[in-house]
Ligand SMILES: [Zn+2]
């Protein structure tokens, strides 16, 4: 049986190496194109609930399908657990409100960001988790108030180098619910666009009224936009392009400068977020091959 054992071993080894090479190549291709990348969209609310949530989820699903990343939407805070979050390149807090994570879930999300995970906050993501210090720094600013209705306002896009603002005009007129924040974002936050309070009534922040920003935060990337209250927003080509650029940047699927920070890849290696599954599959294949060979030798 010696000859057949050698032949079997060669075939299994070649098959294992080929499978491993294929998985590794898939993993590398995924890094470059975003194919296989997953983005978690979280829409849990404990306060006001926007009726635009279904349209917002649908828009992100469409953007993902067109641009090569998978969108998984949930309202279940139990997914904020280390091994589950590790499957995603970014977590979008889409129209969330109120206190929605318990302390253990908050800890998991902090570790996720510290491991290089991306954060995207949309609109009322700033009306979320007021008592969680880490989150406050990550979102950048908390909601304070808003004037009634959804007036048309002019946004001055001050930085058009970032992927989320590159498609926008310098003066961007649009209709939305315009938040006043408790304070303008500080620290290393880089403001991408500001509202011109002279173009609508009810602004309370004067000349420094940011409405979109990015930053490198605690090992991960954070991006926020104040727009997105209305259902109609998610059908606007420019608002969709703005969201897409923010998600791709936060997820590390596209690079671009956030302020003076150099163009770079992810801020830290991502604890296997990108290739963890492939690497695990490769290890499992190697183990299976070994077990198979040992069994055949008996
Ligand atoms: Zn709103």
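What follows draws every value from the coordinates through simple rules; no lab data is involved. Here the structure is a predicted model, which is why all the values come from computation and not from measurement. Cβ coordinates were reconstructed from backbone atoms using ideal geometry, including for glycine residues, and neighbour counts include every protein chain displayed.
Details
- Among 158, 145, the ranking by other beta carbons within 10 Å of each residue's beta carbon, starting with the fewest, stands as 145, 158.
- Inter-label distance, nm, simple model (7 Å from Cα along the C-beta direction), residue 104/residue 58: 3.7 nm
- Spin-label pair residue 152/residue 232, simplified geometry with 7 Å Cα→Cβ offset, distance in nm: 0.9 nm
- Approximating the spin labels as points 7 Å out from Cα along Cα→Cβ, the residue 111-to-residue 144 distance works out to 3.7 nm.
- Extended-chain gain in nm, criterion 0.36 nm per residue less alpha-carbon gap, residue 66 and residue 87: 5.5 nm
- Shape call, region 121-231: gyration tensor on alpha carbons, a/c limit 1.5: oblate
- Note on 221, 240, 161: ascending count of other Cβ atoms within 10 Å places them as 161, 240, 221, the fewest first.
- Net length available on complete extension from residue 208 to residue 260 is 16.8 nm, with 0.36 nm assigned per residue and the Cα-Cα distance removed.
- When only Cα pairs below 8 angstrom with a gap of at least 6 residues are kept, region 174-230 shows a relative contact order of 38 percent.
- Of the residues 191, 122, the one with the fewest other Cβ atoms within 10 Å heads the list, and the complete ranking is 191, 122.
- Förster radius 25 Å - calculated FRET efficiency between residue 35 and residue 130, Cβ distance, rounded to 0.05: 0.10
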